[in-house]
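K.L.:
Encoded as structure tokens, here's the structure I'll be asking about.
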Ligand SMILES: [Zn+2]
């Protein structure tokens, strides 16, 4: 197998997985095919959705087709010439409490039916289980994973090493780091069904990122049981490359209609908010009157159209470097998703370290939820750890942000700079102009053109957390630098006095003189004179 990554944003990536039966692009949704019941036959999946890879359950195949699947091979049996992944039946263990096959048998069977990607018989942790049980599932899954090399006879099948541990994060970490040492080419995270069904997406963030931080990053990660387009963007942004969806068919059986933001009951719909061929040719009323079997087929098709379109939207967002913006848009589709987005704060360092530096598009800053995004965390870290003001600069002049960016090219700052140069020519190098702005905090004039410090749009008025954040950045900046004096042009209308308070606090800590200027209008001639006067008094 090979996994080639072409594009990245956040932890999300567009890649290609090469198997013995062909190549498919990730992030990929693998529809679950139940060989016994197929509302949409695999061949049709290819025709309708250009689906390159499917997943089926080796345990169910064995139960229903036994040797027939061995003789014909899984591709012929399902009539699909793309990539076929098999799951082992672990889910059935969880639901029915045991299967009549041994871990060895299910490994051999997946080889015999010629799967392209196969899964060892792991032991799913489940939900609301005792720690002892969770520990046992991790241990037993690892034991079976280690036995794989002894049992398997072929080298052309890609094996999946599942990570267990449920919501015991220390166990997830252990499971992932041990599994990551074994020669698996793909890993999978067992996500307990309640996490998805009850929209516990913040828990999911913890689980995925804990696994991710402990697994080799160059191996694709499959998220088991994540079949709803509502959360694909979140999972992709956290580094999941593969999903399987049985939900498209299960929902269809229950007359449930998927949208990219949630699920609707068919009987409650007056209109179809979708333009797929099914929704174009039908309206809710005609579909409700269709026979049950036909209705299920059509709903399953619609559900898959929605899923595949969502994957494409996510890929395009990765290409454009706008996956964060897309996450924020999705997060406002459901409170649980916004909660999950807020949970990312806990992992902002890891996200920043692992996200590529891209310069493809300007940022959109909507609210304080965006303060976690890697570009903002990166600026904060750089300013505090790596940045030093110009050597001779001893007077910090803090100016409020202007509408024009880069700030030093704004009419306001150019006028001020010109006056300063005229009036105090020889000592200008002692003056350092920095702008305070949301969401970045302190933006020194000489770097304000560096991406993304002038390539962004922010929503005003800022929310309270954003104002607090910028104030905190200013305080930290003054404390860590070595100026002799600070001059602040305040804009209390925007910053509610928080910037002034932060400056006061920082200057008190450092024992620095602080000149605070309030002017009306903010950038009028009067303002220029006041700033100039304050500077003149200090440069002597
Ligand atoms: Zn549709």
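K.L.:
Of everything in region 347-372, what is without any contact (Cβ under 8 Å) to a residue 60 or more places away in the chain and either closer than 23 Å to residue 199 by Cβ or part of a helix (DSSP H, G or I) (or both)? Give them in sequence order.
P.N.:
348, 349, 352, 353, 369, 372
K.L.:
To continue, here is another question. Just for region 143-170: of the residues that are over 22 Å from the mean Cα position of the chain (by Cα) and free of Cβ contacts under 8 Å to residues at least 40 places away in the same chain, which one is surrounded by the fewest Cβ atoms within 10 Å (Cβ to Cβ)?
P.N.:
By that ranking, first place goes to 155.
K.L.:
What helices (runs of 4 or more DSSP H), lying completely within region 182-287, carry at least 1 residues that are more than 15 Å from the ligand (Cβ to nearest atom) and under 15 Å from the mean Cα position of the chain (by Cα)?
P.N.:
Fully inside region 182-287 and qualifying: 201-214, 232-237.
K.L.:
Cβ-Cβ distance below 7 Å, separation of 6 or more or different chains: which pairs start in region 286-306 with a residue that is more than 20 Å from residue 244 (Cβ to Cβ) and at pLDDT below 95 and end on one that is more than 9 Å from the ligand (Cβ to nearest atom) and in a loop (DSSP other than H, G, I, E, B)?
P.N.:
none
K.L.:
Determine whether region 312-321 contains at least one residue that is modelled with pLDDT of 95 or more, within 16 Å of the ligand (Cβ to nearest atom) and in a helix (DSSP H, G or I).
P.N.:
yes
The values are calculated or read from the model by the stated rules, or taken from the named source; none is laboratory data. All of these numbers come straight from a predicted model, not from anything done at the bench. Every residue, glycine as well, gets a Cβ built from its backbone with ideal geometry; the counts of neighbours run over all protein chains shown.
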